[in-house]
Amino acid sequence: MLNVYSSADLVVNWNGLNLARGWAEDTFLTIEPNAERINYTVGADSQIAPSKNANKSATITVTYQQNAPVLKDIAKVMAGIDILGGDLPVSPFYVEDPNNATYFITANAFVTEVPTNEFGASQGERSFTFVCESYLLSDDPSTITSQFGDYINADPSTID
């Protein structure tokens, strides 16, 4: 069976918001790991020594059309922080590509950058940047969510 990608079918959520509305024309969602999962050194005798990196964070950039209604939703969350203070909204960031059975879930994602607002003769784009603590990819979301449950309920002294 041929799997066909459709950007219109993506499911993207953060902090209770449906973020899959008003995407920019070209690249509109980027999830970039902040570190390699495995580092290694090579000794003078060519022996490789791999090390598992504890940093599983990622930077997420979402880019929208200038008139996307979702921009107001995200801006309200950020304005609440800026004006009222309070806790930083930290939530899982969930991406599902149902046509290719691919799921990305991140733990503890929060907004780090709000868009620069530019105006011109034609509509432009606006981008928000998120950072997350842990970034996981799977073809079965239940395996990811069960891992989160184990992570959240684990004794902190036993987490490596």
Confirm whether ALA8 is more than 21 Å from THR116 (Cα to Cα), open to solvent by 40 Å² or more (accessible area, probe 1.4 Å) and either in a loop (DSSP other than H, G, I, E, B) or basic (Lys, Arg) (or both). no
Of everything in the range 84-102 that's within 27 Å of LEU137 (Cα to Cα) and among the acidic types (Asp, Glu), which residue is most open to solvent (accessible area, probe 1.4 Å)? GLU96
Residues of the range 47-76 being under 16 Å from THR112 (Cβ atoms) and in contact with a strand residue (DSSP E or B) (Cβ under 8 Å, 6 or more places away or on another chain), which ones? SER57, ALA58, THR59, ILE60, THR61, VAL62, THR63, ILE74
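So that you can scan it fast, the table gives a plain yes or no per residue for (1) modelled with pLDDT under 60; (2) closer than 21 Å to SER91 by Cα; (3) open to solvent by 60 Å² or more (accessible area, probe 1.4 Å); (4) hydroxyl-bearing (Ser, Thr, Tyr):
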residue	(1), (2), (3), (4)
GLU118	no, no, yes, no
GLN123	no, no, yes, no
PHE128	no, yes, no, no
CYS132	no, yes, no, no
LEU137	no, yes, yes, no
PRO141	no, yes, no, no
GLY149	yes, yes, no, no
ILE152	yes, yes, yes, no
ILE159	yes, yes, yes, no
How many residues does the range 87-117 contain that are farther than 22 Å from SER6 by Cβ and out of contact with any helix residue (DSSP H, G or I) (no Cβ under 7 Å at 6 or more places or on another chain)? 13
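Please give the strands (runs of 3 or more DSSP E) falling wholly within the range 17-83 in which 2 or more residues are open to solvent by 30 Å² or more (accessible area, probe 1.4 Å) and of a type outside the set (Ser, Thr, Tyr).
Filter on the range 17-83 gives 29-33, 38-42, 48-52.
The values are calculated or read from the model by the stated rules, or taken from the named source; none is laboratory data. Nothing here was measured: the structure is a model prediction, and the numbers come from that model. Positions of Cβ are backbone-derived with ideal geometry, glycine not excepted, and every protein chain shown enters the neighbour counts. Accessible surface is based on the protein model in full, side chains and every heavy atom, while ligands, DNA and RNA are left aside. Shrake-Rupley method; radii C 1.70, N 1.55, O 1.52, S 1.80 Å.
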